[in-house]
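Heads up, the thing below is written out as structure tokens.
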Amino acid sequence: MADGEKKQRVLLIEDDVFMGDLLAQAVAHAGFDIMNAKTSDEGVKVFQEWHPDLILLDLILPDQNGFEALRQIRRMPGGLDTKVIIVSNLSRETQWDEAKRLGVLDYLIKSNFSLDEIIQKVKEVLNTP
């Protein structure tokens with residue numbers, strides 16, 4: 001990255017502390033700025049204040065499901081332009097259908113992907129080598 005060039009920002013909305021810490025460390029190590037929200041409400045607030053380039057979104061959150069948070073974000077300034085990857089253990093086809101309707105770029109089942117594979121997807125979506 002050239003001097004003065006801004007790092008791309010990734011917002012992780014994940015309530016599982018262990019998974020959130022692992023993902024956040026991997027994203028930071030890959031050269032991105034990372035913020036981790038543990039609830040959908042917190043994720044929406046961080047989105048408003050921080051304007052990330054990408055959201056990594058879990059669907060099972062303590063206050064409401066991730067789709068509800070994404071619907072709120074999509075209605076905000078810049079929300080339609082923000083790239084989203086779902087990282088969840090929910091694997092029903094109905095979730096993927098809803099994700100596509102909300103403009104999600106990819107849907108990764110946590111148990112099927114390694115951290116390296118998730119980071120590779122982040123790099124692909126953000127066009128980063």
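A few remarks follow.
- Any chance VAL104 is within 14 Å of the chain's Cα centre (by Cα), touching a residue at least 60 places away in the same chain (Cβ under 8 Å) and surrounded by 14 or more Cβ atoms within 10 Å (Cβ to Cβ): no
- Taken over region 115-129, residues that are modelled with pLDDT of 95 or more and either part of a loop (DSSP other than H, G, I, E, B) or within 25 Å of GLU5 (Cα to Cα) (or both) amount to 10.
- Being small (Gly, Ala, Ser) and free of Cβ contacts under 8 Å to residues at least 24 places away in the same chain is true of GLY20.
- The listed residue being modelled with pLDDT of 95 or more and either of a type in the set (Ser, Thr, Tyr) or closer than 21 Å to LYS121 by Cα (or both), out of LEU61, LEU102, LEU90: LEU102
- Positions within region 1-40 being of a type in the set (D, E, K, R) and part of a helix (DSSP H, G or I), in sequence order: ASP21
- Filter pass, LYS45 being in contact with a Pro (Cβ under 8 Å, 6 or more places away or on another chain), farther than 18 Å from PHE113 by Cα and surrounded by fewer than 19 Cβ atoms within 10 Å (Cβ to Cβ): no
- Identity of the residue in region 48-101, among the hydroxyl-bearing types (Ser, Thr, Tyr) and not in a helix (DSSP H, G or I), that ends up surrounded by the fewest Cβ atoms within 10 Å (Cβ to Cβ): SER91
The values are calculated or read from the model by the stated rules, or taken from the named source; none is laboratory data. Predicted model only: the values in this text are computed from it and were never measured. Note that each Cβ is placed from the backbone with ideal geometry, even for glycine, and that neighbours are counted across all protein chains shown.
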